[in-house]
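Read-outs: derived from the displayed coordinates by stated rules, not from any lab. Since the model is a prediction, treat every value here as computed from it, not as a measurement. Note that we place each Cβ from the backbone using ideal geometry, even for glycine, and neighbour counts take in every protein chain shown.
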Amino acid sequence: MNHPKYGNSKGHTLLLVAVDDYDKSHLSLELAIDRYTLIDGEKYTIWHDGTLTVGRKGRAKNQDVIDFVRDRQPGLIRDNKIFLGQLDNSKSFTWTSLDVNNFISNIIDYVLLRDQFRRTR
């Protein structure tokens with residue numbers, strides 16, 4: 001399916017978040033924006049289902065990840081999903097926008113929690 005605006009072959013938009021802890025770098029989150037965004041008018045709610053791979057051990061259970069996040073940062077959980085933020089698409093995204101700041105902060109918190117989860121497995 002060709003995206004009507006961007007013309008990419010399958011219409012996939014990804015947000016990739018990497019962590020560099022000075023010892024090693026790794027991709028911690030690959031968020032498929034097309035899949036994990038709920039659009040309601042100009043409000044874009046971005047979430048995640050907890051999908052996570054623990055190195056060679058394979059995929060973790062989504063609910064285990066959600067429970068881990070809930071125990072450590074319950075404000076990131078809504079409707080048993082990881083809530084990353086809500087952006088108002090009727091205005092420009094700027095560093096001074098509260099919704100943008102909350103989204104970036106939630107992404108960072110979630111990525112760090114994902115890494116903690118991986119270390120416990």
Checklist line | Projected-area mean, the chain, by convex hull of Cα positions, square nanometres | finding: 9.2 nm²
Next item on the list: Could you sort out which of 24/61; 24/91; 61/91 sit more than 32 Å apart by Cα distance in this structure?
Entry: 24/91; 61/91
Check: Counting only residues 5 or more places away or on other chains, whose amide H sits under 5 Å from the amide H of residue 54 once H atoms are built in the peptide plane?
Finding: 59, 60
Next item on the list: Give the cross-link partners of residue 81 among the aspartates and glutamates, using a straight C-alpha distance below 19 Å as the criterion and excluding same-chain residues fewer than 8 apart.
Entry: 30, 34, 40, 49, 64, 67, 71, 99, 109, 115
Margin query: Just to be sure I understand the model, the point goes 7 Å from the Cα along the line to the Cβ. What's the resulting residue 34 to residue 21 distance in nm?
Written below: 3.3 nm
